[in-house]
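Chemist: Shown below is the structure under consideration.
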Amino acid sequence: MPRSLLLRRLAATVLLLAAAAAVLLTGYASAVSPPAGPDRTAAAAALPVPADFEDRLGYRPVVEDGRRVNPSGSCSSPIPLPSSFEPACRAHDYGYDLLRYAAATGTTPPPGTRAELDSALVTDMHRRCADPLCHLAAEAARAGLAVNTWRQRGGAPEPESGLQIASSLVSRIARTVAERA
């Protein structure tokens, strides 16, 4: 692995751990614990793909393991995750793309939709595990999802550079700490 990639992953991991600690210390409920109420994940899978989805997002979802997925989706993580997680990540990516679609069309998804998507991803990751290291990787993903969803206030994910992510994380931590003081 090239040294620059290793350093970027190390920096991202340190930043993730610091953010996770800040989230835990400020008492924020995990972003992957959806609010009580009916599980809309299964119902969402049965909904038709919006007619202009492909035009807006540049791809047509495909069915894999009985659910719609982003065929080019992947596990975007600063730390390597098991390849067995890839189908779960493709389904999660499609879910996030539905959030992006809703934001682009001025539609507001029900509260907790992003948390439900994150929770479904982590559950699916654990289902694909057969050893403790795999479960540890799923829990690391849970922490990353929680921090990122908290950082983005549960809204639709936006494309960001590493610098934008770092600055928004620092800003979010500072605001949260100030609100708690």
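The values are calculated or read from the model by the stated rules, or taken from the named source; none is laboratory data. Source: prediction; values computed, not measured. Ideal geometry is used to build each Cβ from the backbone, glycine not excepted, and the neighbour counts take in all protein chains shown. In case anyone asks, the SASA skips ligands and DNA or RNA and just uses the protein heavy atoms, side chains included. Shrake-Rupley method; radii C 1.70, N 1.55, O 1.52, S 1.80 Å.
Chemist: Specify which of the listed residues (ALA115, ALA141, ALA104) is in contact with a helix residue (DSSP H, G or I) (Cβ under 7 Å, 6 or more places away or on another chain) and either basic (Lys, Arg) or open to solvent by 50 Å² or more (accessible area, probe 1.4 Å) (or both).
Modeler: Numbers: ALA115 fails: either basic (Lys, Arg) or open to solvent by 50 Å² or more (accessible area, probe 1.4 Å) (or both); ALA141 fails: either basic (Lys, Arg) or open to solvent by 50 Å² or more (accessible area, probe 1.4 Å) (or both).
Criteria check complete, one pass: ALA104.
Chemist: Any residue in segment 167-181 that's among the charged types (D, E, K, R): show its pairings with residues that are not in a helix (DSSP H, G or I) at Cβ separation under 7 Å, as long as the two are six or more apart or on different chains.
Modeler: Correct list of pairs: ARG180/THR26.
Chemist: Against the condition within 17 Å of ASP65 (Cβ to Cβ) and either at pLDDT 95 or above or surrounded by fewer than 19 Cβ atoms within 10 Å (Cβ to Cβ) (or both), how does HIS135 come out, does it pass?
Modeler: Values: within 17 Å of ASP65 (Cβ to Cβ): no; either at pLDDT 95 or above or surrounded by fewer than 19 Cβ atoms within 10 Å (Cβ to Cβ) (or both): yes.
For HIS135, the condition - within 17 Å of ASP65 (Cβ to Cβ) and either at pLDDT 95 or above or surrounded by fewer than 19 Cβ atoms within 10 Å (Cβ to Cβ) (or both) - is not met.
Chemist: Hey, another quick one. Any residue at all in segment 125-148 that's touching a His at 6+ places or on another chain (Cβ under 9 Å), free of Cβ contacts under 8 Å to residues at least 60 places away in the same chain and not in a helix (DSSP H, G or I)?
Modeler: yes
Chemist: What are the pairs, 6+ residues apart or on separate chains, where a residue within segment 109-120 that is of a type in the set (S, T, N, Q) has its Cβ under 6 Å from a residue that is open to solvent by 30 Å² or more (accessible area, probe 1.4 Å)?
Modeler: SER119/PRO34
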